[in-house]
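Just so it is clear, none of the values below were taken in a lab; they were calculated from the coordinates. As the structure is a prediction and not an experimental result, all values here were calculated from the model. When we count neighbours, we look across all protein chains shown, and the Cβ atoms used for this are built from the backbone with ideal geometry, even at glycine.
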Amino acid sequence: LIQEEDAVSIWNFVKQHLDGVGAIVCHCEQGLSRSPAVAWALAEALEGDVAAILAESQPNQFVYKLLRDTIMHLESKEKNLG
């Protein structure tokens, strides 16, 4: 499914390109549960609207929680260093 190092890579990629984009598109092989889970975690972290994601899909809870927790950990670590 997804491992912590994948979650770290996703968040680092998003942060690296955040200033240059207007939208983030998430898609996996079938786009049914994993990509909505990633979109959900990213939308929360970036203070976006998660209502449509949750209304229109069934996000994979494991993927969502792993990415959410990884983002929270990385951001907390960054705040403590800076």
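Remarks
- Karplus-derived 3J(HN,Hα), 6.51/-1.76/1.60, for each residue of region 55-61, Hz, glycine and proline x: 6, 9, 8, 10, x, 5, 5
- Relative to the 2.2 N^0.38 Å rule of thumb, region 8-51 has a C-alpha radius of gyration ratio of 1.13.
- Where GluC sites (Glu not before Pro) in DSSP loops with at most 16 other Cβ within 10 Å are excluded, longest remaining stretch of the chain: 48-82
- In terms of its C-alpha gyration tensor, the chain comes out prolate, because a/c is 1.5 or above and the ratio a/b outweighs b/c.
- Restricting the chymotrypsin sites (Phe, Trp or Tyr not before Pro) of the chain to loop positions (DSSP other than H, G, I, E, B) with no more than 11 neighbouring Cβ atoms within 10 Å leaves nothing.
- Computed per residue of the chain from DSSP H runs no shorter than four, each worth -39500 (n - 2.57), the mean residue ellipticity at 222 nm is -20500 deg cm²/dmol.
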